[in-house]
Amino acid sequence: MSNVTEATLPGIGKKYTVPLKDGALVIVVGIDGHRELYHIKKGEDMPCDSITMTDRVARQVGAIIGGAYFKPQVVEDLELTLGELAFEWFKVEEGFPCIGKSIAELQVRQVTGASIIAILRQDGNLPNPMPNEMIHASDTLVVIGSRAQVQAFDRLMSGEQE
């Protein structure tokens with residue numbers, strides 16, 4: 001399969017073509033923020049399906065597809081490592097002792113060595129959060145560190161004892 005292609009549509013926005021096994025997904029991002037998705041089957045010129053979304057809905061769908069709201073079990077079990085570098089998505093559950101505390105107050109980096117590189121929230125994602133950012137129930141924290149640092153982070157945030 002080839003890569004995604006991008007084209008400028010003057011006065012309209014951008015068009016992205018995503019190759020699929022059975023054809024292509026064409027995504028038009030309008031200058032007003034709307035999204036149009038077209039499924040074009042292999043060997044055909046006209047789309048067999050289409051969807052139009054507002055910017056807000058498109059962002060929510062993108063977050064869902066990207067795993068911000070739910071990760072399939074296979075993804076949760078998969079650990080992305082590059083050498084000694086580990087990434088993990090940590091879901092903050094009700095009752096965790098980290099809720100209502102800032103990253104600085106928890107001393108995440110000093111205590112565990114791991115770093116929170118993003119906070120995923122339903123009302124908006126925070127890349128590279130500041131130390132004064134508060135942790136909320138249902139946040140998903142994207143964490144980076146060594147395997148041991150990420151495990152220490154999990155214990156700190158969930159209140160588990162060593």
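Tabulated values for the structure
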item	result
Positions within region 28-41 being under 15 Å from Pro10 (Cα atoms) and either of a type in the set (D, E, K, R) or surrounded by 14 or more Cβ atoms within 10 Å (Cβ to Cβ) (or both), in sequence order	Val28, Val29, Gly30, Asp32
Subset of region 114-129 (residues that are assigned to a loop (DSSP other than H, G, I, E, B) and within 13 Å of Phe87 (Cα to Cα))	Ala114
Looking only at region 107-129, and only at residues there that are surrounded by 14 or more Cβ atoms within 10 Å (Cβ to Cβ) and among the small types (Gly, Ala, Ser), the one that is farthest from Gly95 (Cα to Cα)	Gly113
Complete set of residues in region 42-66 that are surrounded by fewer than 16 Cβ atoms within 10 Å (Cβ to Cβ) and hydrophobic (A, V, I, L, M, F, W, C)	Met46, Cys48, Ile51, Val57, Val61, Ile64, Ile65
When residues of region 130-143 are limited to those that are assigned to a strand (DSSP E or B) and crowded, with 18+ Cβ neighbours inside 10 Å, the one farthest from the chain's Cα centre (by Cα)	Val143
Qualifying positions in region 144-155 - in a helix (DSSP H, G or I) and either of a type outside the set (Val, Ile, Thr) or surrounded by fewer than 18 Cβ atoms within 10 Å (Cβ to Cβ) (or both)	Arg147, Ala148, Gln149, Gln151, Ala152, Phe153, Asp154, Arg155
Test: residue in region 147-159 that is of a type outside the set (A, V, I, L, M) and either in contact with an Asp or Glu (Cβ under 6 Å, 6 or more places away or on another chain) or at pLDDT 90 or above (or both)	yes
Close pairs (9 angstrom Cβ cut-off, 6 or more residues apart or separate chains): under 23 Å from Lys42 (Cβ atoms) in region 7-31, among the hydroxyl-bearing types (Ser, Thr, Tyr) and not in a strand (DSSP E or B) anywhere	Pro19/Ser2
Selection within region 77-124 - modelled with pLDDT under 85 and more than 13 Å from the chain's Cα centre (by Cα)	Asp77, Leu78, Glu79, Leu80, Thr81, Leu82, Gly83, Glu84, Leu85, Ala86
Contacts under 6 angstrom Cβ, first residue in region 112-138 being in the same structural domain as Arg59 (by TED's automatic domain parsing), partner surrounded by 13 or more Cβ atoms within 10 Å (Cβ to Cβ) and among the basic types (Lys, Arg), 6 or more apart	none
Single unsatisfied condition, Pro127 versus (1) at pLDDT 90 or above; (2) touching a helix residue (DSSP H, G or I) at 6+ places or on another chain (Cβ under 9 Å)	(2)
Qualifying positions in region 34-53 - assigned to a loop (DSSP other than H, G, I, E, B) and at pLDDT 90 or above	His34, Lys42, Gly43, Glu44, Met46, Pro47, Cys48
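The values are calculated or read from the model by the stated rules, or taken from the named source; none is laboratory data. Given the structure is predicted, the values throughout are model-derived calculations rather than measurements. A quick note on method: Cβ atoms are made from the backbone with ideal geometry, for glycine too, and the neighbour counts reach across all protein chains shown.
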